[in-house]
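Below: the structure, in structure tokens.
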Amino acid sequence: MSTTGMVATSQRAATKVGVDVLRAGGNAVDAAIAAAAALAVTEPVSTGLGGDCFALYYDAATKKLHALNGSGRAPAGLTRERFAERVHDNPLDANAVTVPGACAGWLDLLAAHGTWKRDRVLAPAIELAEHGYAVGDITAHYWQLNADRLGKLQRDISELTIEGRAPHSGETFRNPGMAKTLRTISNGGKDAFYRGEIAAAIEAVVQGAGGALTQADLAAHTSTWDEPISTTYRNVRVWECPPNGQGITALLALNILENIELAGLDPLGADRMHILIEAMRLAFADTRWYVADPHVTHVPVAELLAKDYAKARAALIDRTRATADVKRGSPVASSDTVYFCVVDGDGNACSFINSNYMGLGTGLVPKGFGFSLQNRGANFSSDPTHPNVVAPGKRPYHTIIPGMLTNLDGTLVGPFGVQGGFMQPQGHVQVVTAMIDDGVAPQAALDRARFSIEPVDGAQAILLEQDVPAATVAELERRGHKVKGGITGYERSAFGRGQIIRRDAGGHLTGGSDNRADGVVEST
């Protein structure tokens, strides 16, 4: 709790970096970019300069939200035929590498809304990379799993290992290549990443593995500023970035749930979980079809978020049984990650998410630069009739989504998010309903046992954490859900890892950091 500023991330070192920036007079964006860079150093399995980012920024002076899309596009040489042959059944193929948008996203957000220069903001991460940091327990576990997986593909990730293995929990890890990369960007800005020696190294490793990405693709990259999308839920407004992100999935599910009274239902009981699961299935059925790059394909955002449409979709929920075959609706005629958030003493807030997609992405490391390249292109479709069909220069359906809550008068409630692939909108819905329908604090909302629909299409298995009562598991099975319950330990990563900071009318902050990760929330 705090009356000044607060930072919540999935790594203690990154949280400290962000808090130090706030204490030194930086604002929420300065602290967020410093933390993003620190996370790229301390959690390279999940995030880094080889991936993408999205951000929502709340300006307290104007009560206005700004949405940054820092996702990259498919290479000019990635045709549908090449994708179908190489990537469709192999998400780690070099042709799954899209342009990494994180570097431009960091610097564009900083230039627009920060107060510090990039050299000052990146300095703490450079120090961490050069001098090292103690690796977290959960981070070490997944680092080794992904190192083993990529080793079988003979990917050279030696720059991200210690003598060929992942660092152990508590062991110090140094990354001189990453320090070099960050220092190069600190000195030369975006051009130092998207042109010159870093771009040449990216092209060399991708082309050497048979991929399509070129230096010309990198040089052509730009972030975009988008109008954030939102819906009202009970007494708050929930904000997300628009497509090509999947934040609309959370908004659609919340619109459906607004038609049903949840407050009187046991949060871990079968009735409540059944309703939330069915609402998520309906939302995914729509968005897994309609969400695509809106600069290439029309995405019916307004129609999907119409309250009447949600009411009609809510009427499809049978309270007594699972829907075996969920179909998309017709609103028109015719995705390993890090999430973190910051609120400063003036009430500005930044909700930020950065990702390599799968652990260490493709495992392709530009030689000498200490980061791996994402495999975000694996989320394209090869179906020529699908809105998300792959095409040169197109952005794919994107799983990473930062969230923000405001009061109906536009004042800040706070940033929130839950990282973890297609779990992310499911996590958003579960923490928002916990806070709004049940009135629980951020930490309690994050600690509550979750469900996860895996995979998201159709009526496949429902994963349940160990703390979901046995009676709930049995009743969900009786209603026709395919349930895998009792999940605990490291496997809890399937349920995402979130951060929340909530601000009340008096300016008091209450934060939470997910116990499924290595992170912490700290105040100034």
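The values are calculated or read from the model by the stated rules, or taken from the named source; none is laboratory data. As the structure is a prediction and not an experimental result, all values here were calculated from the model. We place every Cβ from the backbone using ideal geometry, glycine too, and count neighbours over all the protein chains shown. These area figures cover heavy atoms from the full protein model, side chains too; ligands, DNA and RNA do not enter into them. Shrake-Rupley method; radii C 1.70, N 1.55, O 1.52, S 1.80 Å.
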Notebook entry, point to check: Which one is farthest from Y57 (Cα to Cα) among residues in segment 73-111 that are charged (D, E, K, R) and touching a Gly at 6+ places or on another chain (Cβ under 9 Å)?
Noted result: R86
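Which ones in segment 269-301 are open to solvent by 40 Å² or more (accessible area, probe 1.4 Å), under 26 Å from L446 (Cα atoms) and at pLDDT 90 or above?
Kept after step one, since they are open to solvent by 40 Å² or more (accessible area, probe 1.4 Å), are these residues of segment 269-301: 271, 288-289, 294-296, 298.
Within this subset, residues satisfying the condition of being under 26 Å from L446 (Cα atoms) are 271, 288.
Answer for segment 269-301, where residues must be open to solvent by 40 Å² or more (accessible area, probe 1.4 Å), under 26 Å from L446 (Cα atoms) and at pLDDT 90 or above: just D271.
Show me the strands (runs of 3 or more DSSP E) entirely contained within segment 434-495 in which 3 or more residues are at pLDDT 95 or above.
It comes to none.
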Check: Among the residues of segment 243-255, is any open to solvent by 10 Å² or more (accessible area, probe 1.4 Å) and either within 18 Å of the chain's Cα centre (by Cα) or more than 22 Å from A76 (Cβ to Cβ) (or both)?
Finding: no
Notebook entry, point to check: Inside segment 71-181, counting only helices (runs of 4 or more DSSP H) that do not spill past its ends, which hold 2 or more residues that are crowded, with 22+ Cβ neighbours inside 10 Å and on the phi < 0 side of the Ramachandran plot?
Noted result: 102-113, 118-131, 137-152
Next item on the list: Would you please list the contacts, defined by Cβ atoms under 6 Å and residues six or more apart or on different chains, that run from a residue in segment 69-88 that is closer than 18 Å to P100 by Cα and among the hydroxyl-bearing types (S, T, Y) to a residue that is modelled with pLDDT under 95 and surrounded by 17 or more Cβ atoms within 10 Å (Cβ to Cβ)?
Entry: S71/H398
Check: What is the residue count in segment 402-417 for residues that are in a loop (DSSP other than H, G, I, E, B) and farther than 15 Å from T9 by Cα?
Finding: 4
Margin query: Just the residues that are part of a loop (DSSP other than H, G, I, E, B), open to solvent by 10 Å² or more (accessible area, probe 1.4 Å), more than 11 Å from R80 (Cβ to Cβ) and among the polar types (S, T, N, Q), please, taken from segment 365-401.
Written below: T385
Item checked: Qualifying residues in segment 1-30 (those that are open to solvent by less than 10 Å² (accessible area, probe 1.4 Å) and in a helix (DSSP H, G or I)) - the one nearest to V520 (Cα to Cα) -> T15
Check: Which residue pairs have Cβ atoms under 6 Å apart, sit 6 or more places apart or on different chains, and have a first residue in segment 299-322 that is closer than 23 Å to R478 by Cβ and a second that is in a helix (DSSP H, G or I) and open to solvent by less than 20 Å² (accessible area, probe 1.4 Å)?
Finding: A314/I256; I317/E278
Check: Among the residues of segment 499-523 satisfying the criterion of being polar (S, T, N, Q) and at pLDDT 95 or above, which is surrounded by the most Cβ atoms within 10 Å (Cβ to Cβ)?
Finding: Q499
Check: Quick check, is T337 touching a helix residue (DSSP H, G or I) at 6+ places or on another chain (Cβ under 9 Å) and at pLDDT below 95?
Finding: yes
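Restricting to segment 103-115, what's the tally of residues that are in contact with a Leu (Cβ under 7 Å, 6 or more places away or on another chain) and within 17 Å of A31 (Cβ to Cβ)? Steps first, answer last, please.
To start, the set of residues in segment 103-115 that are in contact with a Leu (Cβ under 7 Å, 6 or more places away or on another chain) comprises 103, 105, 108-109.
Applying the additional criterion that residues be within 17 Å of A31 (Cβ to Cβ) yields 105, 108-109.
Count: 3.
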Check: Could we say that A67 is open to solvent by less than 20 Å² (accessible area, probe 1.4 Å), in contact with a Pro (Cβ under 6 Å, 6 or more places away or on another chain) and under 21 Å from R502 (Cβ atoms) here?
Finding: yes
Next item on the list: Examine segment 452-474 for a residue that is within 30 Å of G410 (Cα to Cα) and open to solvent by 10 Å² or more (accessible area, probe 1.4 Å), and state whether such a residue exists.
Entry: no
Notebook entry, point to check: Under the condition of being of a type in the set (A, V, I, L, M) and more than 26 Å from the chain's Cα centre (by Cα), which residue from segment 155-214 is nearest to L145 (Cα to Cα)?
Noted result: I162
